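**Q** Shown below is the structure under consideration.
The values are calculated or read from the model by the stated rules, or taken from the named source; none is laboratory data. Note that the structure is a prediction, hence the values are computed from the model and not measured. Neighbour counts run over all protein chains shown; Cβ positions are idealised from the backbone, glycine included.
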Amino acid sequence: MITELPRQHYRYIMPLMKGRPDVNVRLLAVVDGTNPGRIYVDDIENPKSALLWAVGSSFAVLGQSNNPEFNSYLYDFLKNQLAPASLSLSGGTHFYLPFYEETWQDTFDQILGKVREDSEFEKIETLTYVFNRQNYLRTTKTEVPLPGNYELKKIDTSMLQNDVSHILREDILGNDWLSLEAFLTKGFGYCVTSGHHVISVCFSGYVSGVYHDCVLRTYNDSDRNKGLATMVTRAYLEHCIKIHLAPVWNTTIYNVASQRIAEKCGFELYRKCPTYLFPFDIL
């Protein structure tokens, strides 16, 4: 069967995680309780398989991929429990699942069956980049100066209060953080503004200790291709270097612009994960 793991037992799934902590920051942030999430397991006291949900963002499956005590309940659980919970908690209508372990993809192929033939079912790749400080320091920093109507600012309480559109406030709270206070305590970010409007931003989406999964946005198409995203990313990274943080960058195979900025700013591609994306209502 599949049972929700009580929050005080979240660390019970730590032995199921594989790989470097920086590339697992999204999972660790949920385990730590820094960012909102839920964890479902086959056995509360001794979990062998787990489904981790970073609420409003993505899912992950960990541990034994050939566990009948978990797998035989998965389809029904996704359709009848996770789908309504996602809609209720975050308005989420889609299932986004990167496979950090290849064997889990085979398991889901069997579980989903003909669902994979639906026109709304997508198979993409999620790319994870890790930060190479030396690469960053070797890259040129001769960016085009900010035009007169733009300013580069660190995100703080005053800046959030003066964001008249509330776009940044909604972005921070929409997926990643339980409150602005939690973000300002454990995360940070920089933004480019024009008057009281936020134009481009780079901020900590998920945090576990020194590991920060950064989020980059430029909100309007008319503000793209001006170097603003690169500038705000460099400001974010300079702060990471100054206080010895380890940033990580996630994007998809389709977001070429994001890949280019990551590589321009010293990040190196660490892994490509096959990823399934589909609306819950095709189950």
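**Q** Give me the strands (runs of 3 or more DSSP E) completely within region 173-227, filtered to those with at least 2 residues that are under 19 Å from VAL55 (Cβ atoms) and of a type in the set (Phe, Trp, Tyr), ordered by residue number.
**A** Ranges flagged: 197-208.
**Q** Quick check on this structure: which one of THR185, THR193, THR233 is of a type in the set (Val, Ile, Thr) and without any contact (Cβ under 8 Å) to a residue 12 or more places away in the chain?
**A** Checking each option against the conditions leaves just THR185.
**Q** Could you check, for region 48-55, whether at least one of its residues is part of a helix (DSSP H, G or I), of a type in the set (Phe, Trp, Tyr) and more than 30 Å from MET231 (Cβ to Cβ)?
**A** no
**Q** Would you please list the contacts, defined by Cβ atoms under 7 Å and residues six or more apart or on different chains, that run from a residue in region 97-124 that is of a type outside the set (D, E, K, R) to a residue that is surrounded by 12 or more Cβ atoms within 10 Å (Cβ to Cβ) and part of a helix (DSSP H, G or I)?
**A** PHE99/GLN105; THR107/ASN71; ILE111/ASN71; ILE111/LEU74; ILE111/TYR75; VAL115/ILE282; PHE121/VAL115; PHE121/ILE282
**Q** Looking only at region 24-47, which residues are of a type in the set (Lys, Arg) and part of a helix (DSSP H, G or I)?
**A** ARG26
**Q** When you go through GLY19, GLY33 one by one, which is the residue that is on the phi > 0 side of the Ramachandran plot and out of contact with any strand residue (DSSP E or B) (no Cβ under 9 Å at 6 or more places or on another chain)?
**A** GLY33
**Q** Scanning for something among the polar types (S, T, N, Q) and in contact (Cβ under 8 Å) with a residue 40 or more places away in the chain, does region 150-171 turn up at least one residue?
**A** No, because not a single residue in region 150-171 is among the polar types (S, T, N, Q) and in contact (Cβ under 8 Å) with a residue 40 or more places away in the chain.
**Q** Within region 112-139, which residues are under 30 Å from ILE241 (Cβ atoms) and acidic (Asp, Glu)? Break it down stepwise before answering.
**A** Of the residues in region 112-139, the ones under 30 Å from ILE241 (Cβ atoms) are 125-139.
The one that is under 30 Å from ILE241 (Cβ atoms) and acidic (Asp, Glu): GLU125.
**Q** Go over the candidates TYR73, TYR100 one by one and state the one that is at negative phi and at pLDDT below 95.
**A** After ruling out the rest, the residue left standing is TYR100.
**Q** Please go through region 165-204 and give me each residue that is in contact with a helix residue (DSSP H, G or I) (Cβ under 8 Å, 6 or more places away or on another chain), among the hydroxyl-bearing types (Ser, Thr, Tyr) and closer than 17 Å to VAL232 by Cα, ordered by number.
**A** Of everything in region 165-204, those that are in contact with a helix residue (DSSP H, G or I) (Cβ under 8 Å, 6 or more places away or on another chain), among the hydroxyl-bearing types (Ser, Thr, Tyr) and closer than 17 Å to VAL232 by Cα turn out to be TYR190, THR193, SER200, SER204.
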